[in-house]
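Worksheet: one structure, shown below.
The values are calculated or read from the model by the stated rules, or taken from the named source; none is laboratory data. Here the structure is a predicted model, which means the values were calculated and not measured. Counting neighbours? That spans all protein chains shown, and the Cβs are built from the backbone with ideal geometry, glycine included. Calculation scope for accessible area: heavy atoms of the full protein, side chains included, ligands and nucleic acids excluded. Shrake-Rupley method; radii C 1.70, N 1.55, O 1.52, S 1.80 Å.
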Amino acid sequence: MAQGASDRAGGVSMLGVAIIGCGDMGSKHAAAWGAREDARLVAVCDHTPERAQTLAQSYGATRVDSWQEALAHSGVDVVSICVPACDHPAIAIAAAEAGKHVLCEKAMALTLAEADAMIAAAEANGTALSVCHQYRGLLRYRAIKEAVDAGRLGGPLSLRFAEMREVRPKLAMHRLSENGGPVHDMTGHLFDLARWLTGAEAESVTAIGHILGRGKPRLSPVHDFGIDTAEILVRFSGGHSLSIALNWGLPEGTPGHSQELIHGPMGYAYSSDPGNPDRFLGDLSDTAGVTTKDAQGSNWIACPGGDPGPEICVTALIEEIRTGTRSPFHAREGRAALRLIRAALQAIETGGTVMLQDPDSSG
């Protein structure tokens, strides 16, 4: 596997990092890398130069004008890709061919063929490729995982996630050509959580979807809408099931709402947040917690903050680079989530159930 870096910190080689895309997620990736003693930001780029310059100044990095310049910049060993999903494949493939490791934001790509090309490039060049499904790092999901692994809920499990939001201010989320639409953009996190919590693979997907954001004033510049609202039901091996209710097409100013519930034959667990009742599924909060209930009664587990954003993925990627230990966020995990995204969208389009017998099929 490709190794990096010209600098050293405490006897450990220092990884040089480039951030491609300096918006909200790019800033979070920069903070995650910047908190490390064994990594440093050396280059950033964004289609808005002022935004890139601000991030560069915050971390002592160099602002460059394009992702191609970022890959060619001296001292870059790792690239964090934080641009719309439509641009992920070209950047990730070029990075691998240049010998750079990659942490890619979700969704991994718009199509499975693109994801496969990204994986093939990384494998051919001996570089690491991870997809940032960082929800696994949030304390409330880790608390639920511990309850599941301890057998406190029994099995099979039924997982229910719901999230209601106003139409998003980030227009790329709603554009089919950029991020594939909100269902494509968001559900991958929940598919990844379901696979992680149950340890099972999906067998079938049924879904109904709509575009409710069309006609909302905020989205007037959008002309190629992706699906923003859906009810999705996934059957997993072992009898586990996942239900997702997502609506990202509500009018501007509508307060948000989310729910998380996991139940089995022995008990159930759900999250709540008295201090932030409008919290979204991936949001951090110091007042969030998980309640588990079974025949022994009720138990509250405080889950403040947790690993905020991509830190857990950054740590795992560095471990893979240093030791060769495969990251839990390896690109094949990202592909598995993308496969379910594509199956859900296919089910919405056809009005039928998509069967998924072969985990490696392109669907």
*State yes or no: is Glu123 surrounded by fewer than 24 Cβ atoms within 10 Å (Cβ to Cβ), out of contact with any helix residue (DSSP H, G or I) (no Cβ under 6 Å at 6 or more places or on another chain) and under 30 Å from Gly324 (Cα atoms)?*
yes
*Within the group Thr350, Thr291, Thr323, Thr287, which residue is touching a strand residue (DSSP E or B) at 6+ places or on another chain (Cβ under 6 Å) and surrounded by fewer than 17 Cβ atoms within 10 Å (Cβ to Cβ)?*
Thr291
_Can you tell me how many residues within segment 126-175 are in a loop (DSSP other than H, G, I, E, B), touching a residue at least 60 places away in the same chain (Cβ under 8 Å) and open to solvent by 20 Å² or more (accessible area, probe 1.4 Å)?_
8
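Each row is one residue, and each column tells you yes or no for (1) under 22 Å from Ala147 (Cα atoms); (2) aliphatic (A, V, I, L, M); (3) in a loop (DSSP other than H, G, I, E, B).
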| position | (1), (2), (3) |
| --- | --- |
| Arg235 | yes, no, no |
| Gly249 | no, no, no |
| Ser258 | yes, no, no |
| Ala269 | yes, yes, no |
| Pro274 | yes, no, yes |
| Leu281 | yes, yes, yes |
| Thr292 | yes, no, no |
| Asn299 | yes, no, no |
*Give the residue that is most open to solvent (accessible area, probe 1.4 Å), with candidates limited to residues of segment 90-99 that are outside any loop (DSSP other than H, G, I, E, B) and in contact with a helix residue (DSSP H, G or I) (Cβ under 7 Å, 6 or more places away or on another chain).*
Glu97
*Of all residues in segment 286-341, how many are farther than 23 Å from Met14 by Cα, in contact (Cβ under 8 Å) with a residue 12 or more places away in the chain and not hydroxyl-bearing (Ser, Thr, Tyr)?*
24
*Which strands (runs of 3 or more DSSP E) does segment 11-89 wholly contain that include 3 or more residues that are of a type in the set (Val, Ile, Thr)?*
12-20, 78-81
*List every residue pair whose Cβ atoms sit under 7 Å apart, with the two residues 6 or more apart in sequence or on different chains, where the first one lies in segment 90-101 and is within 12 Å of Ala124 (Cβ to Cβ) and the second, anywhere, is open to solvent by less than 30 Å² (accessible area, probe 1.4 Å) and outside any strand (DSSP E or B).*
Ile93/Met118; Ile93/Ala121; Ala96/Ala121; Ala96/Ala122; Ala96/Thr127; Glu97/Ala121; Gly99/Ala2; Gly99/Thr127
_When residues of segment 100-118 are limited to those that are surrounded by 24 or more Cβ atoms within 10 Å (Cβ to Cβ) and part of a helix (DSSP H, G or I), the one nearest to the chain's Cα centre (by Cα)_ = Ala115
*If you scan segment 204-226, which residues turn out to be open to solvent by less than 40 Å² (accessible area, probe 1.4 Å) and either charged (D, E, K, R) or touching a helix residue (DSSP H, G or I) at 6+ places or on another chain (Cβ under 8 Å) (or both)?*
Val205, Ala207, Gly209, Gly213, Leu219, Val222, Phe225, Gly226
*Hey, can you tell me all the residues within segment 66-90 that are within 19 Å of Trp33 (Cα to Cα) and either among the β-branched types (Val, Ile, Thr) or within 16 Å of the chain's Cα centre (by Cα) (or both)?*
Val76, Val78, Val79, Ser80, Ile81, Cys82, Val83
*Within segment 77-87, is even one residue open to solvent by 50 Å² or more (accessible area, probe 1.4 Å) and among the polar types (S, T, N, Q)?*
no
*Does any residue of segment 258-276 turn out to be open to solvent by 20 Å² or more (accessible area, probe 1.4 Å) and among the charged types (D, E, K, R)?*
no
*asked:* Only one of Glu178, Glu123, Glu203, Glu231 is part of a helix (DSSP H, G or I) and at pLDDT 95 or above. Can you tell me which?
replied: Glu123
*Can you name the condition, by its number, that Gly75 falls short on among (1) of a type in the set (Gly, Ala, Ser); (2) touching a helix residue (DSSP H, G or I) at 6+ places or on another chain (Cβ under 9 Å); (3) within 21 Å of Val314 (Cα to Cα)?*
(2)
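Let's see how each residue does on (1) under 20 Å from Gln134 (Cα atoms); (2) in a strand (DSSP E or B); (3) modelled with pLDDT under 95:
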site: Gly309; (1), (2), (3): yes, no, yes
site: Cys313; (1), (2), (3): yes, no, no
site: Ala316; (1), (2), (3): yes, no, no
site: Glu320; (1), (2), (3): yes, no, no
site: Pro328; (1), (2), (3): yes, no, no
site: Gly334; (1), (2), (3): yes, no, no
site: Ala337; (1), (2), (3): yes, no, no
site: Leu340; (1), (2), (3): yes, no, no
site: Ala343; (1), (2), (3): no, no, no
*In segment 266-323, the residues that are more than 27 Å from Asp185 (Cα to Cα) and in contact with a helix residue (DSSP H, G or I) (Cβ under 7 Å, 6 or more places away or on another chain)*: Thr292, Ile301
*Positions within segment 45-65 being acidic (Asp, Glu) and under 24 Å from the mean Cα position of the chain (by Cα), in sequence order*: Asp46
